[in-house]
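The values are calculated or read from the model by the stated rules, or taken from the named source; none is laboratory data. These numbers come from a predicted model, not from an experiment. Cβ atoms come from the backbone with ideal geometry, glycine included; neighbour counts cover every protein chain shown. To get the accessible areas, we keep the full protein, side chains included, count just its heavy atoms, and leave off ligands, DNA and RNA. Shrake-Rupley method; radii C 1.70, N 1.55, O 1.52, S 1.80 Å.
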Amino acid sequence: MTQSSTSALHTSTLTSLPLLARGKVRDNYAVGTDRILMVASDRLSAFDVIMGEPIPGKGELLTKMALFWFDKLGHICPNHLTGDDPESVVSPAEAAQIRGRSMLVQRLQPIPVEAVVRGYLAGSGWKEYQASQSVCGVPLPAGLTNAAKLPEPIYTPAAKAAAGEHDENISFERTVEMIGPELAAKIRDLSIAIYKAAAEIALTKGMIIADTKFEFGLAPDGTLVLMDEVLTPDSSRYWPVEGYAEALAKGENPPSYDKQFVRDWLEQAQVNGKPWDKTPPSPRLPHAVIEKTAAKYREALERLTG
């Protein structure tokens, strides 16, 4: 399935460039040996499973949002954007397929650590806190509730998994073993600095960034570079400020701009009369879920850039 009648792009089909990899959302193509064309499809993954139905417009929204944040955060850390026009590297016939949904970026040596920063207690972090009063081995004060703001943002890295596998939460000490003490500390400190700066900007737009994950790579000269996509609803948990206090008081999940709406639907979805076991194939998403998810992504971008 490629482009549907609603012009959603589930899978790109460029033939003018060699395909490097297809991720959950992005299709990466080699441009020579030093650049990559990253195409953001309209695919949606939940529980690490790619849904069969695309979310119309999602890839363009993600790209606009990532470009917004790369622009705002460039003073903290260099990023992988080349500034070159993505359409300049594909054939004219393929330009429409990538327009507005792609970035032409430096080819870096990826670092196999997902840099996760949490400013609030949510999702798996909340579950873990209830069991151990810590998140990914980071001890936290007693008495915190679901969606509570943490005293300080915490760094809870994960090891990048092979395609189709779940990323694995790891300790900071494990990242030191993997990439060395200097680089591990630099990634941790940069990630927290980027999160704090972004959270402050988002708050002025009436949005809370509860948690997020960053990916980094090394340039040929050894420079640490922020790469992939950054601070989109795919990699971050966004909550509107309104409704947050009420949810916190009730101990509930605040309304969100991320995939939570799809996750909630999938949690109660049935396949052959039984709850879905979170393995492929996924249940077919109803039209209403697709529409509402697309509207959430649009609203997030409009609030942020408006």
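Treating r as the C-beta distance of residue 291 and residue 35 and R0 as 41 Å, the FRET efficiency rounds to 0.70. Among the listed pairs 205/296; 160/278; 186/213; 127/205; 64/296; 250/292, a Cα-Cα separation exceeding 26 Å is found for 127/205. Comparing 226, 62, 248 in a Gaussian network model of the chain, where Cα atoms under 10 Å apart are tied by springs, the biggest mean-square fluctuation is seen for 248. For the chain, the relative contact order works out to 19 percent when only alpha carbon pairs closer than 8 Å and six or more residues apart are counted.
If only the Cβ of Lys and Arg carry +1 and only the Cβ of Asp and Glu carry -1, the dipole of the chain around its Cα centre is close to 460 debye. Between residue 160 and 113, 114, the built amide H atoms are under 5 Å apart, and every one of these is 5 or more places off in sequence or on another chain.
Loop-located GluC sites (Glu not before Pro) in the stretch 248-306 (DSSP state not H, G, I, E or B) with no more than 14 neighbouring Cβ atoms inside 10 Å: 252. Here each label is just a point 7 Å from Cα along the line to Cβ, and for residue 267 and residue 178 those points are 2.7 nm apart.
If you take all other residues with their beta carbon under 11 Å from the beta carbon of residue 36, and give Lys and Arg +1 and Asp and Glu -1, the sum is 0.
Shape analysis of the chain yields a ratio of the Cα radius of gyration to the Kirkwood radius, Rg/Rh, of 0.95.
Candidates 217, 232, 141 compared by Cα position along the dipole of the stretch 131-232: farthest toward the positive end lies 141, with charges placed on Cβ. On a per residue basis, the chain carries 46 Å² of accessible surface, using protein heavy atoms and a 1.4 Å probe. Per 0.36 nm of contour for each residue apart, how much would the distance between residue 82 and residue 197 grow if the chain were fully extended, relative to their Cα-Cα spacing? Value of the extension gain: 39.1 nm. Compute the relative contact order of the stretch 203-246 as a whole-number percentage, counting only Cα pairs closer than 8 Å that sit 6 or more residues apart in sequence. Taking the mean separation of contacting Cα pairs over the length of the stretch 203-246, I get 48 percent. Accessible area of residue 50 (1.4 Å probe, protein heavy atoms only, ligands and nucleic acids ignored): about 70 Å². Within the shell of other residues whose beta carbon sits under 11 angstrom from the beta carbon of residue 105, the net charge comes to -1, with Lys and Arg scored +1 and Asp and Glu -1. Looking at the square roots a ≥ b ≥ c of the eigenvalues of the Cα gyration tensor of the stretch 222-305, which shape do they give, rounded for a/c under 1.5, prolate if a/b is larger than b/c, or oblate? Since a/c reaches 1.5 but b/c is at least a/b, the shape of the stretch 222-305 is classed as oblate.
Computing FRET efficiency as 1/(1 + (r/R0)^6) for residue 134 and residue 247, where r is the C-beta to C-beta distance and R0 is 22 Å, gives about 0.45.
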